[in-house]
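Asks: One structure, as structure tokens, below. Some questions next.
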Amino acid sequence: MHNFITKLLKLLPAITGICLIAPLTSHAQNTLNPNYFYLVKGELIGRSISLGDPSNWSTMIQGREGQSAGEKIKVAPIDFKASGDAIQLTWAARKKVVGNFGLYGNAIDLSKFKDAASLTIDMRVDVKPDKDVKIGLNCGYPCQAELSINRMIKKMPKGEWFSLPLPLNCFKSDNFDLSKITGPFTIATDGKFTVSITNIRLEKLPEGDKGCVEQP
């Protein structure tokens, strides 16, 4: 895991100037498979947004704008290349509790892609985090696995868009099952943090990249 993160930290700064988001723009959103595409140009693909904090861990919102019951986290559309083609998530610094954002829908089986694909997020850090930030996959509480992304994003310049690939085989826990994913993307922190996201999708790992497979 450490070796993979080290490699990723070297990769990301080199690609920040490349538009990795462009390939998706040639697809009509209504033809995208919701098993593999979860957010495209800021629009939800077959999923709904849940915002959570200790006041209510699952506040489902209509559309793309709202806040958690205890006001720890809020989401709203923002502009990237066009009007409303991204969403912005903001965690309130004054609330010293965990705030969680998640995309939820029908269960999907991602187990066959475990060693072949990554969960890839096209994102921009607007306010750098002051506490640990974790991205996860959820398969129905307590079935979930999370990765801390602080080391991966701390070197990224604030305000620049970049692509963050997280191989599926890096998500591990005792209660985790890739065959019944209901939440293909969650992100949480108990500190302050603001991030904008335009795309969330599965993406094939580059040739020769094994993700977090242990080397013999």
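Asks: At a Cα cut-off below 12 Å, give the aspartates and glutamates reachable from Lys158, other chains included and same-chain residues fewer than 8 away excluded.
Replies: Reachable aspartates and glutamates: Asp126.
Asks: In Å², and per residue, what accessible area does the range 113-183 have when probed at 1.4 Å with the other protein chains present?
Replies: Working: 2980 Å² over 71 residues.
Ligands and nucleic acids excluded, the result is 42 Å² per residue.
Asks: Determine ³J(HN,Hα), in whole Hz, for all residues of the range 88-103 in sequence, where each value follows from phi through the Karplus function 6.51 cos²θ - 1.76 cosθ + 1.60 and θ = phi - 60°; x replaces Gly and Pro.
Replies: Calculated HN-Hα couplings, in order: 10, 10, 10, 9, 6, 5, 6, 9, 8, 9, 6, x, 10, 10, x, 9 Hz.
Asks: Assuming a ≥ b ≥ c are the square roots of the Cα gyration tensor eigenvalues, decide whether the range 70-191 counts as rounded (a/c under 1.5), prolate (otherwise, with a/b larger than b/c) or oblate. Before the final figure, lay out each step's value.
Replies: Details: a/c = 1.62, a/b = 1.40, b/c = 1.15.
Taking the square roots of the gyration eigenvalues as a ≥ b ≥ c, the range 70-191 is prolate.
Asks: Too long at a 30 Å Cα-Cα cut-off: which of Lys96/Lys172; Lys112/Lys134; Lys96/Lys204; Lys180/Lys210; Lys96/Lys210?
Replies: Numbers: Lys96/Lys172 27 Å; Lys112/Lys134 24 Å; Lys96/Lys204 37 Å; Lys180/Lys210 23 Å; Lys96/Lys210 38 Å.
Distance filter (> 30 Å) returns Lys96/Lys204; Lys96/Lys210.
Asks: Rounded, prolate or oblate: pick one for the range 76-120, where a ≥ b ≥ c are the square roots of the eigenvalues of its C-alpha gyration tensor, a/c under 1.5 means rounded, and failing that, prolate if a/b is larger than b/c, else oblate. Walk me through the numbers before you get to the answer.
Replies: Working: a/c = 2.54, a/b = 1.43, b/c = 1.78.
Oblate shape, in that a/c is at least 1.5 and b/c is the bigger or equal ratio.
The values are calculated or read from the model by the stated rules, or taken from the named source; none is laboratory data. Just so it is clear, the model here is predicted, and its values are computed rather than measured. Side chains are part of the model used for accessible areas, which takes the heavy atoms of the whole protein and leaves out ligands, DNA and RNA. Shrake-Rupley method; radii C 1.70, N 1.55, O 1.52, S 1.80 Å.
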